[in-house]
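The values are calculated or read from the model by the stated rules, or taken from the named source; none is laboratory data. All values reported here derive from a predicted model rather than from experimental measurement. With ideal geometry, Cβ positions are generated from the backbone for all residues, glycine too; neighbour counts draw on all protein chains shown.
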Amino acid sequence: MGAPKPAMSSPEVSVSTPTHDGLEEKQQDGRPASDYELYIFDMDGVLYRMDDPIPGAAETIRYLCRNGSHVAFLTNNSSQTRADYVHKLARFQIEADESQIMTSAYATGELFKQWGAVGRSVYIIGEVGLRAELERAGMTALDEDSRFPDYVVVGWDRDFHYRKLAWAHQCIQHGAQFIATNRDATYPDTGGRTLPGGGTMVAALQTCSGVEPQVVGKPSPYCFEILLRQYRVQPARCLVVGDRVDTDVAGAHRSGCQAALVLTGVTRAEELAGMEVDLCPDYVLPSINALRANAANGQTPPGF
Ligand SMILES: [Mg+2]
């Protein structure tokens, strides 16, 4: 099919190699978590849980903006558009515009633009938000059982079924390049339960095709790189705030950013013992609210 396959890393972004060589260095550093130019917030488990806001989230976002920091929001969820997230955040009294929102669906569209693939064809396993973002980027979305596309993009799809998998498998056999929006194994449901995440559909297609996909979302650095470039901030001046070590913390460190883990979501404090260094957050905070509380009383948040 001749689809261009350049490397994921953007040449414009200078991403330093993480230099964390142990916990002592982080404790000696002592920089307050309130002292960053750019904050990249994961959303689910940080700002809200399903439809319930995390107390103090909206006030903390407003506090950081008032103090002159840039604030951006990043999710691996590919099912909704950036505009959908603007409305969702507004429900939680968080004001944002589309330029502050980064999703794996939007980033996949940006990747195609970076590759010069605009106008090429794509078969999508995913929901309406993913299709909307790829069409916005200028891609031509093809239905199954039509002609073979240049690319297959797989994201979270709550209407996933065998026929979609079989068609995507055929497309890859005919030379389509396999792109995954993310590999999240689960998606948080109500009552502490989880649902199968987008990574489940990715694994199904990888299993039958034998092809490793190019992954756009966290922990890949790609989404972080777009935001760092957009705000013209060096990675060391950026704090990523998330609730999962395997996506938020790992992605932050792979991008050269610092990471704060909040304990209002997936990862629990007791799970951090013995964790490999790249997955260890630079700060552990009880909730997003601690960014504001610590800044207000001049304390350094608990380093990890
Ligand atoms: Mg989360």
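Values computed for the structure shown
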| item | result |
| --- | --- |
| Candidates Ile40, Ile94, filtered to the one that is surrounded by 12 or more Cβ atoms within 10 Å (Cβ to Cβ), closer than 25 Å to Tyr222 by Cβ, touching a Cys at 6+ places or on another chain (Cβ under 7 Å) and at pLDDT 95 or above | Ile40 |
| Test result for Gly197, within 14 Å of the ligand (Cβ to nearest atom) and either touching a helix residue (DSSP H, G or I) at 6+ places or on another chain (Cβ under 9 Å) or of a type in the set (A, V, I, L, M) (or both) | no |
| Matching entry among Tyr231, Tyr222 (being among the aromatic types (Phe, Trp, Tyr), within 28 Å of Met43 (Cα to Cα) and surrounded by fewer than 22 Cβ atoms within 10 Å (Cβ to Cβ)) | Tyr231 |
| Top-ranked residue of the range 255-265 - restricted to ones that are assigned to a loop (DSSP other than H, G, I, E, B) and small (Gly, Ala, Ser), ranked as nearest to the ligand (Cβ to nearest atom) | Gly265 |
| Strands (runs of 3 or more DSSP E) contained entirely in the range 98-148, each with at least 3 residues that are free of Cβ contacts under 8 Å to residues at least 60 places away in the same chain | 121-125, 140-142 |
| Search result, residues across the range 157-169 that are of a type outside the set (Lys, Arg) and under 18 Å from Gln206 (Cβ atoms) | Asp157, Phe160, His161, Tyr162, Leu165, Ala166, Trp167, Ala168, His169 |
| Filter result for Gly68 (more than 16 Å from the ligand (Cβ to nearest atom) and crowded, with 22+ Cβ neighbours inside 10 Å) | no |
| Selection within the range 207-219 - crowded, with 23+ Cβ neighbours inside 10 Å and in contact (Cβ under 8 Å) with a residue 60 or more places away in the chain | Val216, Gly217, Lys218 |
| From the options Arg229, Arg254, residue that is among the basic types (Lys, Arg) and out of contact with any Phe, Trp or Tyr (no Cβ under 9 Å at 6 or more places or on another chain) | Arg229 |
| Residues that are more than 13 Å from the ligand (Cβ to nearest atom) and within 21 Å of Thr103 (Cα to Cα), drawn from the range 38-61 | Leu38, Tyr39, Asp51, Asp52, Pro53, Ala58, Ile61 |
| Qualifying position, being of a type outside the set (A, V, I, L, M, F, W, C) and under 25 Å from Met50 (Cβ atoms), among Tyr151, Tyr187, Tyr162, Tyr123 | Tyr187 |
| Test: residue in the range 267-283 that is at negative phi and part of a strand (DSSP E or B) | yes |
| Only listed residue being modelled with pLDDT of 90 or more, among the hydrophobic types (A, V, I, L, M, F, W, C) and over 22 Å from Glu59 (Cα atoms), chosen from Leu263, Leu279 | Leu279 |
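Condition check ((1) more than 16 Å from the ligand (Cβ to nearest atom); (2) under 23 Å from Ala105 (Cβ atoms); (3) at pLDDT 95 or above) across all residues:
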| site | (1), (2), (3) |
| --- | --- |
| Ser209 | yes, yes, yes |
| Cys223 | no, yes, yes |
| Pro235 | yes, no, yes |
| Asp246 | no, yes, no |
| Val249 | no, yes, yes |
| His253 | yes, no, yes |
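Every residue, every condition in (1) crowded, with 18+ Cβ neighbours inside 10 Å; (2) of a type in the set (Val, Ile, Thr); (3) within 20 Å of Thr200 (Cα to Cα), yes or no:
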| site | (1), (2), (3) |
| --- | --- |
| Trp115 | no, no, no |
| Ser121 | yes, no, no |
| Ala132 | yes, no, no |
| Asp143 | no, no, no |
| Ser146 | no, no, no |
| Pro149 | yes, no, no |
| Gly155 | yes, no, yes |
| Cys171 | yes, no, yes |
